[in-house]
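Comments concern the structure below.
The values are calculated or read from the model by the stated rules, or taken from the named source; none is laboratory data. Model, not experiment: these values are computed from the prediction. All Cβ positions, even for glycine, are placed from backbone atoms using ideal geometry, and neighbour counts span all protein chains on display. Heads up: the accessible areas ignore ligands, DNA and RNA and are worked out on the full protein's heavy atoms, side chains in. Shrake-Rupley method; radii C 1.70, N 1.55, O 1.52, S 1.80 Å.
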Amino acid sequence: MLSNAYGRFIDGGRAYEITDPRTPMPWVNVICNGRYGLVVSQNGGGFSWLDHCQLNVITRWEMDLARDDHGRFLFVSDLETGQVWSVTPQPCGTRHESYSCVHRPGSTRFVTMAHGIESSWTLAVPPGQTGEVWSVRLTNTTGRARRVRVAAYFEWCCGTAPDVKREFHRLFFTTGWDARRCAVTATKNMWEAGFGTPDDHWNRPWPHAAAMAVGGLDPSRVRAVADKASFLGRYGTPARPEAMTTAGAWKQDTFGRFGDACCALGGDVELAPGASIDLAYALVIEDTASAAAETAARLAQPARAAELVAASERDWEGRLSRSTVKTGAADFDLLNNTWLRYQAISGRLWGRTGYYQQSGAFGFRDQLQDSHVWLAMEPERCGEQIMLHARHQFANGSVYHWWNPITETGHRTACSDDYLWLAFVTASYLRETGDFSILARKARFVDEPGETTLLDHIRRAIDLSLARFSARGLPLIGDMDWNDGLSAVGTATEGESVWLAHFLAGILDDFSRVECSHGDAARAAEYDRRRGVLIERLNDLAWDGAWFRRATDRAGRWLGAKESVAGRIFLNAQTWAILGETTTPERQASAWASAKDHLLTDYGPLLLAPAYTEPDPKVGYITRYAPGARENGGVYMHAATWALAAACKRKDREAAARIWESISPPTRCADADKYWAEPYVVPGNVDGPLSDKPGRAGWTWYTGSAAWLNKVSLEWVLGVRPTWEGLLIDPCPPAALGQVEVARRWRGRDVVVRFDARTYEAGRTPRVRLGGRVLVGGVVREGDVPPGGRAEVEVDWVAGTGVAEAKPAAATAKGGRS
Ligand code: GLC
């Protein structure tokens, strides 16, 4: 299914099997249960953490994607011949006789064959455990009896990463050997996390203890080493650890305070011809070494570990199946049903890491946007995310640009859009759930005692934004807006953002509605007034004849204008004019036509064109990227998803189809040697035309585009969109989707929507029928279905105008946006 030179989707798209490990870049899985997580690549590279993938890393890793030989590994050796190999391609560089790596939500399984021994190794992070389990089977496929040694191996980190000053860090470890439980333990007396208190520096212990246990081996034959050089051999290498072949090289006396802390754990086994042995490992974190060893030993039993692997896979299946789509396009279905959600939850919200970026912090706007992914599944979790971010706001309305959980330290900036996302995502939550009681929930501020309501938090954010305007009436860009790389455009009083104007205008519209019905009518009127003036100024000042300009710098020079040499046109300044309905229908049409002319490519919509080729200190670090890389004129996938929404909003089905096809990783990765990145998750960026490799994808997993592409697919392409009126059904589906069925929960009801995408025609009106009755405006309202009930909705398209058409943008009037 959707195969390429290196692998294919299996299990109806719910899993991906890599069959050739020599992928152009590491193809990884990020498995996190909300607390404990691990990343594992098809090479075996990766690392594990608890709660924070930078401040609380369990196993050491170095970011070296070219070598990809840092990780937790499983070695096997033949004690007769002295051959040593790894179950994964790294770190031994093993060329297996057969190889399979299956990544799926909740687990990764390697099945490889070397020297006649077949090894199966499954890693999983069971729900509710602060740890990981490995289920291992070795099979002798030869006709002769074999004596093999098996060992798990990794380096302890137990704290902040990277711990490059290793000779310093290693002085604080204590490792232990719990013979009864066959467990290696580790603690560390020092934790560099940085809580920002005066006596904190190098003066605080790592607050946990770790243990790795093995089960399935005869305990009397289990061996362990806790010092790296003792396992590798003097000046040895993980490509051929000496202790895998040398008799007597397993040193229990390497435990204690004086080694370079590692965990090597395994033993020797005899395998008759055709015989197998099942083993299990568990790596767990607890408060004390003895509790960790106890738990690890309990989980590291072969049958138990296999159960836990299955439990972790089931847990994800249950979570992801709460709303589903069925269409004629396999890539659309597998991305939306499984992978985009898994990426957004496991990678972004919980793990907060990928392989190209190890973060661990919460980005104020980032994880808020990611939490959209919950809305069609478990909307209350989006509500929790909103409240978490509200607690990271300052009393003047500003927020941390990002903050670290655990230490609660963060980066406060004069970024101009961060705080507005609190309003934006709350509006999404309200449209989805109708649960206005969230506005009365209380949260504190970072810098003030006492609590106040979410609505008050949002008002302070909007008020701050409304106070930060240029004299002529456009919002100031501050330290940056959505585009972090526009980092030098503004000062406290200069530099304006046109994208921000579109974005803010939409928020004013939403919150004037909210204030009108659940707050304060005078405030609602004021928001309307400000929206009206803003739209007027925006249209007077920022329109360039065929598109919207993007920003002004400190000298008042326009970015994204006809006369700009680099950065002549920016995508977000056009797409958000459509999404925010901030201009006339004519200008929307023109802005969209310009975006299509200048920015759509076969590998996705560019963020801007042409790319900056010289650093411009008055624009910011965006100009310092290689031309065509990331925000500098590449396809920035986060923004590309908004172009897909804008295409659908404009009922430009051809553009929607083209954009989908140009960004869909399974499709693009058909030519994996050009595309490079994983076909099952979205990349953060794809190189633009000035790169030497246009169309090459990178920065996978850690991108806000996963949740957004899922949202846009469901709400704009399939058109099942929560609005203030109810659940609007207004698709703009590419014909390739064929027969479509969307099944989702909505306000305690099951809603199933069916239509044939091939019968869609722009300009015709969708006729939305529920039990034979045509729904006014195409909207399912709560009153149409009893709580707990089920609505079967059919859609076809009929002549005439109506809801299917892009609504005329009411430049100042309210009520147009849905
Ligand atoms: C990064 C940031 C995100 C920002 C985007 C565009 O992904 O995490 O917050 O909006 O870049 O610059």
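Brief remarks follow.
- Residue pairs meeting the criteria (Cβ under 7 Å; at least 6 apart or on separate chains; first farther than 28 Å from A66 by Cα and without any contact (Cβ under 8 Å) to a residue 40 or more places away in the chain, in the stretch 353-373; second away from the ligand (no atom under 11 Å from the Cβ) and part of a helix (DSSP H, G or I)): Q367/L349; Q367/Q385
- Condition check for S428: at pLDDT 95 or above, open to solvent by less than 10 Å² (accessible area, probe 1.4 Å) and within 15 Å of the ligand (Cβ to nearest atom): no
- Each residue in the stretch 391-419 was checked for being under 21 Å from the mean Cα position of the chain (by Cα) and either small (G, A, S) or open to solvent by less than 10 Å² (accessible area, probe 1.4 Å) (or both), and 6 pass.
- Pair list, Cβ < 8 Å and 6+ apart or interchain, from the stretch 462-487 residues that are under 11 Å from L420 (Cβ atoms) and more than 8 Å from the ligand (Cβ to nearest atom) to residues that are open to solvent by 40 Å² or more (accessible area, probe 1.4 Å) and assigned to a loop (DSSP other than H, G, I, E, B): L464/N396; P475/R468
- Checking R773, R754, R767 one by one, the residue that is over 29 Å from the mean Cα position of the chain (by Cα) and either open to solvent by less than 60 Å² (accessible area, probe 1.4 Å) or closer than 28 Å to E378 by Cα (or both) is R754 and no other.
- Residues of the stretch 321-337 that are open to solvent by less than 10 Å² (accessible area, probe 1.4 Å) and either small (G, A, S) or part of a helix (DSSP H, G or I) (or both): S323, F332, L334, L335, N336.
- Complete set of residues in the stretch 512-524 that are open to solvent by less than 60 Å² (accessible area, probe 1.4 Å), more than 22 Å from T584 (Cα to Cα) and part of a helix (DSSP H, G or I): V514, E515, R523, A524
- Residue list for the stretch 71-94, restricted to those being surrounded by fewer than 22 Cβ atoms within 10 Å (Cβ to Cβ) and in contact with a Gly (Cβ under 9 Å, 6 or more places away or on another chain): D78
- Within the stretch 4-39, considering residues that are polar (S, T, N, Q) and more than 20 Å from L340 (Cβ to Cβ), the one surrounded by the fewest Cβ atoms within 10 Å (Cβ to Cβ): T19
- Residue within the stretch 114-121 that is part of a loop (DSSP other than H, G, I, E, B) and buried (at least 24 other Cβ atoms within 10 Å of the Cβ) present: no
- Residues being more than 16 Å from the ligand (Cβ to nearest atom) and under 15 Å from D463 (Cα atoms) - total across the stretch 488-506: 3
- Restricting the stretch 341-390 to residues that are under 26 Å from L439 (Cβ atoms) and among the β-branched types (V, I, T), the residue that is surrounded by the most Cβ atoms within 10 Å (Cβ to Cβ): I345
- Within the set G143, G128, the sole residue that is under 26 Å from A247 (Cα atoms) and open to solvent by 10 Å² or more (accessible area, probe 1.4 Å) turns out to be G143.
- Residue in the stretch 534-556 that is buried (at least 20 other Cβ atoms within 10 Å of the Cβ), in contact (Cβ under 8 Å) with a residue 60 or more places away in the chain and within 16 Å of the ligand (Cβ to nearest atom) present: yes
- Within the stretch 344-363, being within 14 Å of the ligand (Cβ to nearest atom) and closer than 11 Å to T700 by Cβ holds for G347, G354, Y356, Q357.
- Taking the stretch 602-627 as the range and being more than 13 Å from the ligand (Cβ to nearest atom), closer than 17 Å to L644 by Cβ and either open to solvent by less than 10 Å² (accessible area, probe 1.4 Å) or not in a loop (DSSP other than H, G, I, E, B) (or both) as the test, the residues that pass are G604, P605, L606.
- Enumerated helices (runs of 4 or more DSSP H) restricted to the stretch 628-740, each holding at least 1 residues that are more than 15 Å from the ligand (Cβ to nearest atom) and out of contact with any helix residue (DSSP H, G or I) (no Cβ under 6 Å at 6 or more places or on another chain): 653-663, 665-668, 672-675
- Filter result for L599 (closer than 28 Å to S465 by Cα, surrounded by 17 or more Cβ atoms within 10 Å (Cβ to Cβ) and of a type in the set (A, V, I, L, M, F, W, C)): no
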